[in-house]
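Reviewing the structure listed below.
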Amino acid sequence: VASATSAAVEPPWSAEASVPRHELMAWYRAHGRHDLDWRRTRDPYAVLVSEVMLQQTQVQRMLPYYRDWLARWPDPQSLAAVPLADAIRAWAGLGYNRRAIHLHRAATVVIERHGGVVPASPSALRALPGVGWYTAAAVGSFAFGQRVAVVDTNVARVLARAAGGRADAHALLPRRIEEEAASLLPAQNARDHNLALMDLGALVCRARSPACASCPLQAGCAWLAAGCPPAPPALRATEPFEATRRYGRGRVLSVLRAATAPMAEAEVGAALPAPHQERLESYLRALEREGLVEHGAGGWRLPGGAQGSSSMASPKL
Ligand code: SF4
């Protein structure tokens, strides 16, 4: 959910009137994304992998990674048994590499503290590395069938529009959206209700050009009734992606993934575009702090494994 702002104004919410359950579920039965791999399993480990991969990454992009990951490591035991470097290599091209570390560490915690089974309790889920409130709710709902609201950016946008009368959720308080989402949960089958709202946001109530004419919420949608007023202009960074620290750090990891032996700092720097060479030391220190690289005899390398020993797919950065 979008971050809160102190200037957020409470809208006149009318969630129950704006989100008619019968129409929403009829639309979901006909048009929902029932065939997504992680919708066809209740295995909490598989659902956890899918949710961590979906953080910051679109479905079509992560799908081959999800399948490859589960084919290699179908359970926490098989994942925890391989060096962390293998998990980081398998993540190449997905971005936000800390997620690979989190999944690897989570597998270890599951084995050490939960007998090898992903726990169902929300507090135990949130204690796993990389699992916050959203991911714990998603695993709780989608794997364990718990009656808990799952509010991703798609759901937040649907509720902001239909019930809040806003173009998007950016200026709204996340807690308020979550409260409204919770108030809408049916007594039975909250899992499908959550999935229906998610799919509606992904397929119909899209961020750009929502398909209101085919939306099951159109009769009660507050934003549509108000004439679809635009969102206030957002302040956006103008720096090109190739100039960002995120890009530079990704390039460093890409170089070390492909290396067959530890590399000296100068060697890593020689493989980077010029603007990033002078930031190299700060990239390496930050990546080291986050556990993504390590420095030992011979230089820099991925943690916990010999360089170039994996049969993982080549980096896709
Ligand atoms: S009517 Fe349009 S804006 Fe309202 S919920 Fe449906 S798609 Fe979104």
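The values are calculated or read from the model by the stated rules, or taken from the named source; none is laboratory data. Since the structure is predicted, the reported quantities are computational estimates derived from the model, not experimental observations. Quick reminder, even Gly has a Cβ in these numbers, built from the backbone with ideal geometry, and neighbours come from all protein chains shown. Side chains are part of the model used for accessible areas, which takes the heavy atoms of the whole protein and leaves out ligands, DNA and RNA. Shrake-Rupley method; radii C 1.70, N 1.55, O 1.52, S 1.80 Å.
A few comments on the model shown:
- Residues of region 227-247 satisfying the condition of being modelled with pLDDT of 95 or more and small (Gly, Ala, Ser): Gly227
- Residue count for region 18-64, restricted to those that are over 21 Å from Val204 (Cα atoms) and of a type in the set (Lys, Arg): 2
- Restricting region 166-183 to residues that are surrounded by fewer than 20 Cβ atoms within 10 Å (Cβ to Cβ), touching a helix residue (DSSP H, G or I) at 6+ places or on another chain (Cβ under 7 Å) and closer than 21 Å to Ala226 by Cβ, the residue that is modelled with the highest pLDDT is Ala167.
- Lone unmet requirement of (1) open to solvent by 10 Å² or more (accessible area, probe 1.4 Å); (2) under 16 Å from Pro20 (Cα atoms); (3) more than 20 Å from the chain's Cα centre (by Cα); (4) near the ligand (Cβ under 10 Å from one of its atoms) for Cys205: (3)
- Leading residue by the ranking (nearest to Asp168 (Cα to Cα)) among those in region 223-232 that are more than 8 Å from the ligand (Cβ to nearest atom) and either hydrophobic (A, V, I, L, M, F, W, C) or in contact (Cβ under 8 Å) with a residue 12 or more places away in the chain (or both): Ala231
- The lone criterion from (1) part of a loop (DSSP other than H, G, I, E, B); (2) modelled with pLDDT of 95 or more left unmet by Val131 is number (2).
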